[in-house]
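Written out below as structure tokens is the structure these notes cover.
The values are calculated or read from the model by the stated rules, or taken from the named source; none is laboratory data. Every value quoted in this text rests on a predicted model; they were computed, and no experiment measured them. Positions of Cβ are backbone-derived with ideal geometry, glycine not excepted, and every protein chain shown enters the neighbour counts. Accessible surface is based on the protein model in full, side chains and every heavy atom, while ligands, DNA and RNA are left aside. Shrake-Rupley method; radii C 1.70, N 1.55, O 1.52, S 1.80 Å.
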Amino acid sequence: MDKRPIGVFDSGLGGLSCVRELEQRMPGESIIYFGDTGRVPYGSRSREIITRYARQDAAFLRTFDLKALVIACGTVSTTAIDTLQREHDIPVVGVVEPSAKQAAALTRNGRIGLIATKASIATGAYERAIHALSPHVTIFSAACPLFVPLVENGRTRPGDIVIETVAADYLAPLKRSGVDVLVLGCTHYPLLREVIANYMGPEVRLVDSGAEVAHSVGQWLAEHDRLSDGEQGHYRWFVSDCVQGFQDMASRFLGRTVTEPVELVDIEQY
């Protein structure tokens, strides 16, 4: 058994969707979360900047005695995970491999859709991971640059004309292509699940990257006897900007009231 916490980081608040899945699957685990709210979004930045930010985020979390580090960010998972895995002596788990495995398993017609940030799609990481498992599938991808800021500003509900208009614009080519699986390649996107599902239709199955990475982490901890034996884990929340309002936003992501204090970090120190 291992009562040390799991570290989770994201470019902003989208990684809280991954925390929600970890909490539901393993309520006894303690989690330390860092959201880089001062520099969100990462998806439009260069590989060099993304890697620098990822190193700083990981360095901050490693000031705590962690048993695993979760990259709850599709952009970092596709751009800098190899660097972080080389530089850290604990498991570093990203969202790409677990999501690719589920997408390959679910497709029936061999046509898989992917929505993610521009930076994630540019790396080709999801495509490589899926093709390694199913070489003959066809992947249709679309960058959705407005999704992250809209989610961060609470524009997530069905019936909201702004998010529904943007979603229709991004998703129309994927729907026309006939995909039967759609990978939500950014952990912000599960908050748009209902909007996306309504547009794509019931015949398209959605792969939630946060849920898949939570499953992967839980499986690794169980196999290596690292699960906590506690009944209820503890949570700590850190951001690089905008402490005010975090609890309300986090409560929406997690589906429960967040009462723990939120702490501000000068991430440039790391």
Failed criterion for Asp10 (all others in (1) modelled with pLDDT of 95 or more; (2) crowded, with 24+ Cβ neighbours inside 10 Å hold): (1)
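Out of Glu21, Glu87, Glu29, I need the residue that is within 13 Å of the chain's Cα centre (by Cα) and at negative phi. Which one?
Numbers: Glu87 fails: within 13 Å of the chain's Cα centre (by Cα); Glu29 fails: within 13 Å of the chain's Cα centre (by Cα).
Result of the check over Glu21, Glu87, Glu29: Glu21.
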Give the residues of the stretch 144-155 that are touching a residue at least 60 places away in the same chain (Cβ under 8 Å), surrounded by fewer than 21 Cβ atoms within 10 Å (Cβ to Cβ) and either assigned to a loop (DSSP other than H, G, I, E, B) or among the hydrophobic types (A, V, I, L, M, F, W, C) (or both), sorted by residue number. Pro145, Gly154
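Any residue in the stretch 164-182 that is within 22 Å of Asp10 (Cα to Cα) and either among the β-branched types (Val, Ile, Thr) or open to solvent by 10 Å² or more (accessible area, probe 1.4 Å) (or both)?
First, the residues of the stretch 164-182 that are within 22 Å of Asp10 (Cα to Cα): 182.
Among the residues that remain, those that are also either among the β-branched types (Val, Ile, Thr) or open to solvent by 10 Å² or more (accessible area, probe 1.4 Å) (or both) are: none.
So far as the stretch 164-182 goes, no, none of its residues is within 22 Å of Asp10 (Cα to Cα) and either among the β-branched types (Val, Ile, Thr) or open to solvent by 10 Å² or more (accessible area, probe 1.4 Å) (or both).
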Tally up the residues in the stretch 250-261 that are open to solvent by 20 Å² or more (accessible area, probe 1.4 Å), on the phi < 0 side of the Ramachandran plot and within 20 Å of the chain's Cα centre (by Cα), please. 3
Given the options Thr63, Thr83, Thr117, Thr51, name the one that is crowded, with 23+ Cβ neighbours inside 10 Å and under 30 Å from Cys242 (Cα atoms). Thr117
Within the stretch 183-197, take every residue that is surrounded by fewer than 24 Cβ atoms within 10 Å (Cβ to Cβ) and of a type outside the set (A, V, I, L, M) and give me the one that is farthest from Pro41 (Cα to Cα). Glu194
